[in-house]
Each structure stands twice: as structure tokens, then as C-alpha cells.
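The values are calculated or read from the model by the stated rules, or taken from the named source; none is laboratory data. Everything numeric here is computed off the predicted structure, so don't read it as measured data. FYI the Cβ positions are ideal-geometry reconstructions off the backbone, even for glycines, and counts take in every protein chain you see.
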Amino acid sequence: MVGALDTVIGVVPVVSAFLSATDRWQSLKVRLGFGRMNYQLDPGLYAVGAPDAKAQALVTANYKLSFDSLRPHLAGRDLWLLVLDTNGVNVWCAAGKGAFGTDELVTRLRSSGLEQLLAHRQLILPQLAGPGIAAHLLPKLTGFSVRYGPILAVDLPVYLDAHCQATAAMRLKKFPFSERALLSPLELLLALKGSLPFFILLVLLFGFAPGNGYQQNVIAHALAGLFPYGAGVLAGTVLTPLLLPYLPGRAFAVKGAVAGLVVAVGLLFFSLPQHWLQNSGGLLLIVVLSSYWGMKFTGASTYTSLSGVKKEMRYAVPLQIAGGLVGLGCWLAACFF
């Protein structure tokens, strides 16, 4: 916040169009998974610059990472920003879940008093909000019409300068290597957070294997198990997203399994000599882990659908469970028998 604007409906907060060092640091932490579920701002009406009754009104989500992605591209402009309550979820996901929806837009529009500040009746929404908005109903419900802006905030200056005319390129969402690489660290941290306790529990269980003492067994099996566990998680959360367009198959579970298989075969030439049963179980676990975490990337990709994900999970999850049990069984058998 850099000030306040006195209007007929009261004081409207004015936000900066520039990101501070604190903003950037907080954004980095969120991208690494720290405080991600609570990174939001209060919904309502905000201003950039000194907008008047003729200024354009943009609509966005109250996920602060989305809000901060928008602000730097509004520098030097006078605009109204209507922030919807999406429970701290980004525009596209919130639209798919209904949080960035028609009801919330109507409610927020009326409660904010924005209609009293505008001489026109037009709102500019992100294109990715489309799945949640029944644009044809808004004129009847509110008197406002909707225009869909470009997919990316970086294209907003050109879009606004062209009198809200979008080019074909502005309507196309790509998913380049740089964006997939940006998502990989969070996927990796979430995987470690979710699976590391289970891995530690197994290692402690392996301490009871016959032969050496408990402490020696724990150390030995921890080192041996670190290879398949680490390789499977890395293959699914890092290698699969980076190579996503080039891995065979449409299903992400298949793509992850292929990435895991490549890593498993590569480890055959570098792994420490183990019992053949333990090696077999370890290699199978790499494939299964990579398949599972690769499938989880559907929630971060740009070209999956809810129905397609559900269809994939119906056959992939049982196979992953079966493969994991067989791989774990081979590992246990080699350690205890």
C-alpha cells in the first residue's frame, strides 16, 4: 500500500505498481512451498495510480502471488483493481473450482461499490478466469459486461494500449522449459515432505534384519535405500517436468514411469553390488515412485483436464500400489530372508 484515494464510497487503498524486496523474498518462499496456502490479501477494491470514472477496471484473485504478478505491468497507469475472494488460490485453479466464479464476482462487485465509481459498465477479467464465469449472465445480474484480457499479465500494457484488443498470441498459453523448471523445486519439496517420513520408518524397520546389530543395519539400509528413493523422487519431480513434451505417452503416470525406467537402467551401471532381489525391488521402486510423482504434476501443467486426470488415476494408482508392494516385498525379502 502506498496511499489512499478519497472517493464517494469512502477510502480506497492505493497499491504500488512496483515490487519491493520483501515482496520478492516472500514470493520466493512461496515458490519453495513455505506459507503457500496462506499467501493472500483481503478481497475488495484497490486502486493503481489515480483512477477516475473513465478508468478501466481489472479483476483478479486474492492469491498474493497472482496479485504481485499483475502489479509490475500496471506501472504508470490509473486503474481500478477488483480482488475476488478465491481463498488464496490462483485465477485458473480458482476458476476451475468455482471460487473465481459468477456468484463471487457479482457479490464482490456489489459490496465494493465499484459501480458507483465508474461511468462505464465494463470489466476486464483474465482469460483463464473463463471456466468459472458465466459472462452472458452478468449484464442481467449487474449491468456490467465482461472482456477477457490476455492470458499473461506481461501482455496487459499492449492489450490496454490497443483498446482492449488481444492478438492471437495473447490467447495461447504455452508451457516452456523455463516455466516447468520454475515449478520443479516446489514439486520436489512437496514430494520429500510427503514421503520422507515413510522412508525413515522403513529404514528403522530394516534395523531389525538379521546379521549385524540394529545401528549397523539402519545405517547400511539407509544408504542402500537412499539410491532408489532419491532416484525415484528426482525422476518424478524434476526429470519428468523438464522432459515432459519429449517423454512418450499422454498419461503423466506413463511419462513418469518412462523417466524412472531410464534412471533405473542408468543406476544399474553405478549402483553398489546388492543381492539380486534387493536390486530388483529397488529398480521397481524407482519406476513406481517416478510414475506417482510424475502423475502428481498434472495439477501444475497447462494441458490436463479433470476428467482426463480421473481416468488416468483409475488405472495408474492400482498399478502403482501393486508395483510398490512388489518392489518393497523384494527389498524386505532380501533384507530379512
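The table below gives the values:
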read-out: Inter-residue pairs, beta-carbon under 8 Å, first more than 17 Å from Val203 (Cβ to Cβ) and in segment 323-334, second of a type in the set (Ser, Thr, Tyr), 6+ apart; value: Gly323/Ser291
read-out: Residue within segment 64-77 that is assigned to a loop (DSSP other than H, G, I, E, B), touching a residue at least 24 places away in the same chain (Cβ under 8 Å) and buried (at least 19 other Cβ atoms within 10 Å of the Cβ) present; value: no
read-out: Criterion: of a type outside the set (Phe, Trp, Tyr), in a strand (DSSP E or B) and in contact with a Phe, Trp or Tyr (Cβ under 6 Å, 6 or more places away or on another chain) - qualifying residue of Leu58, Leu45, Leu81; value: Leu81
read-out: Any hit, segment 232-254, residues being part of a helix (DSSP H, G or I), more than 19 Å from the chain's Cα centre (by Cα), under 21 Å from Phe198 (Cβ atoms) and at pLDDT 95 or above; value: no
read-out: Among (1) surrounded by 16 or more Cβ atoms within 10 Å (Cβ to Cβ); (2) under 30 Å from Val59 (Cβ atoms); (3) not assigned by TED's automatic domain parsing to the domain that holds Thr60, the one test that Ala191 misses; value: (2)
read-out: Count of residues meeting criterion [assigned to a helix (DSSP H, G or I) and either outside the structural domain of Thr86 (by TED's automatic domain parsing) or not polar (S, T, N, Q) (or both)] in segment 132-146; value: 5
read-out: Search result, residues across segment 302-312 that are buried (at least 16 other Cβ atoms within 10 Å of the Cβ) and among the aliphatic types (A, V, I, L, M); value: Val309
read-out: Residue list for segment 48-63, filter: over 15 Å from Ile124 (Cβ atoms) and either polar (S, T, N, Q) or crowded, with 22+ Cβ neighbours inside 10 Å (or both); value: Asn62, Tyr63
read-out: Filtered residues of segment 155-178 (kept if loosely packed, with under 14 Cβ neighbours inside 10 Å and outside any loop (DSSP other than H, G, I, E, B)); value: Asp161, Ala169, Arg171, Phe177, Ser178
read-out: Test: residue in segment 103-125 that is surrounded by fewer than 18 Cβ atoms within 10 Å (Cβ to Cβ) and within 27 Å of Thr304 (Cβ to Cβ); value: yes
read-out: Residues of segment 285-332 that turn out to be part of a loop (DSSP other than H, G, I, E, B) and among the polar types (S, T, N, Q), as a count; value: 4
read-out: Subset tally (residues that are in contact with a strand residue (DSSP E or B) (Cβ under 9 Å, 6 or more places away or on another chain) and farther than 22 Å from Asn90 by Cα) for segment 143-159; value: 2
read-out: Condition broken by Gly149, with the remaining ones in (1) among the small types (Gly, Ala, Ser); (2) in contact (Cβ under 8 Å) with a residue 60 or more places away in the chain; (3) under 30 Å from Thr237 (Cα atoms); (4) crowded, with 18+ Cβ neighbours inside 10 Å satisfied; value: (3)
read-out: Residues of segment 262-312 that turn out to be at pLDDT 85 or above and either outside the structural domain of Gly324 (by TED's automatic domain parsing) or in contact with a Lys or Arg (Cβ under 8 Å, 6 or more places away or on another chain) (or both), as a count; value: 1
read-out: Near pairs, Cβ below 6 angstrom, 6+ apart or cross-chain, from segment 109-123 (closer than 21 Å to Val11 by Cβ) to any residue that is among the small types (Gly, Ala, Ser); value: Ser112/Gly44; Leu118/Ala53; Ala119/Ala53
read-out: All positions within segment 19-35 that are free of Cβ contacts under 8 Å to residues at least 40 places away in the same chain and outside any loop (DSSP other than H, G, I, E, B); value: Ala21, Thr22, Arg24, Trp25, Gln26, Leu28, Lys29, Val30
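This table checks each residue for (1) in contact (Cβ under 8 Å) with a residue 40 or more places away in the chain; (2) of a type in the set (S, T, N, Q); (3) within 22 Å of Leu183 (Cα to Cα).
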site	(1), (2), (3)
Tyr229	yes, no, yes
Lys255	no, no, yes
Gly281	yes, no, no
Val288	yes, no, yes
Gly294	yes, no, yes
